[in-house]
1. Given H placed 1.01 Å from N in the peptide plane, which residues other than close sequence neighbours of K185 have an amide H under 5 Å from its amide H?
2. Considering amide H positions built from the backbone, and no H for Pro or chain starts, which residues 5 or more places from A43, or on another chain, come under 5 Å of its amide H?
3. Measure off 7 Å from each Cα along the Cα-to-Cβ vector at F98 and T50, then give the distance between these two points in nanometres to one decimal.
4. Per-residue HN-Hα couplings for segment 312-319, Karplus 6.51 cos²θ - 1.76 cosθ + 1.60 at θ = phi - 60°, whole Hz, x for Gly and Pro?
5. Pop out the ³J(HN,Hα) list for segment 326-343 in order, Karplus 6.51 cos²θ - 1.76 cosθ + 1.60 with θ = phi - 60°, rounded to Hz; leave Gly and Pro as x.
6. Under 5 Å between amide hydrogens, which residues at least 5 positions from T282 or on another chain qualify, with H placed 1.01 Å from N in the peptide plane?
7. Under a plain spin-label model, where a point goes 7 Å from the Cα along Cα-to-Cβ, how far apart in nm are D266 and A180?
8. Cα convex hull of segment 180-285: how many Å³ per residue?
Amino acid sequence: MQTRNTNFYDIMAQGLNGFKNYQEFINDTVAKKYNVPQTEGFAWDDKIQTGFTYEALEAEMGVYAMATFVDLDSPGGTHATTGAKLSSGDIPRFKHGFKMDEKELREQIMLAEQFGSVTSEMQDTLQMLLFNSSDKLIGGNYNTLTYQRHQAVSTGAFALTSTNNPGGITGVTFDFGVPAANKLKAGGFGSIGTKYAWSSASANPIGDLQDMVQFADDNNIPYGSFEMSKKLWNTFRSHINVKSQVAVGINMAADLTNVGSMTFMDTQIKAYLEGIGLPPITIIDSLVSVDKFNPATRKVEYTTIRPFDEAKVVLRPAGELGTIKAVRPLVYPDPAARIAFMDGGRTVLKQTFDSKNVIQYIESELTALVVPNTSRFILQLKTDEAAG
């Protein structure tokens, strides 16, 4: 009779074939795929915090202040080196994990028992299973940061709800303090007369973008580019008044009789907009998904969410918008676990083995929050309702 110890059933160890440990595996496979999160304008804060609070400081945007004119014997003025405190709160921790394809693992264990060892083909299968498991966790983390980024920019806040965080904590909102005056509504804000949402044929979407730029200029707000969702861009590019203006811009003698049926390439529209002095437009086409167990069907259901508010146009500064603040994970020594880190030690991956039930688990933990420090320079135009 053959006896098997727990090391024999710790079959995912075979997935490390060619690697001396889990950290080396992560460095050589997953980390090469994920260099940085897709959070344009937000990079990891250089400081990894040890506590769970954050403070967002308003940046001065690198403005060179003029010197003070004084008489011959008077001292000059002293420039401020820090901004004002914007907000503070607790940084959320997000964790997820799963049984590493229990059915697949059990099949491989049965094969190992049959042959008395793990073959090279089985090692390849297990290594791919280990990669896919780790990949899904890191990809999910980065989707979470992408969601935070787009919510912060397009709404000025990040809220934990039953929609984006089923099964987790809800009713928590991180408000990043975009000034109320910067939250504008479509239809020539600041002007006199009837104002229209972009759903109206009487709306003037290009005029609204021009008004945003004018508002920024009037209020000394630096700007670099517009951002809007792919869905809103499709509404914009198909609007009759946008088509008319682009057609005339391309050819001043254009016949506008059938302008509604005209089509223009995105490059043509963007070239016209930049030609009349508007900043570039970045189209956001990101999707994230969340899973939730449905007790009625007893199945896990996936919901797709578009993280960028589809009713908003944002005029944002160029360059850095803020940072991703993270807390260093606390990891206790566990001789039965394989542990690896990513993102400069901010993310921890832990692989454990339940010898009693012969199941392998893998889990990821990251405590991080995308925090803008330029909130007062972000303009948000709401396009789906008339502005009163």
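Computed from the coordinates by the stated procedures, all read-outs in this text should not be read as laboratory data. In this text the structure is predicted, and so the values were computed from the model without any measurement. Neighbour counts run over all protein chains shown; Cβ positions are idealised from the backbone, glycine included.
1. K382
2. The answer is G322, I324.
3. Going from the F98 label point to the T50 one covers 3.7 nm.
4. Per-residue couplings from phi come out as 10, 10, 10, 10, 10, x, 6, x Hz.
5. In residue order, the calculated couplings are 9, 10, 5, x, 9, 10, 8, x, 9, x, 8, 10, 9, 10, 9, 10, 9, 6 Hz.
6. For T282, the qualifying residues are F226, E227, M228.
7. For the pair D266/A180, the computed spacing is 3.7 nm.
8. Measuring per residue, one finds 122 Å³ for the Cα hull of segment 180-285.
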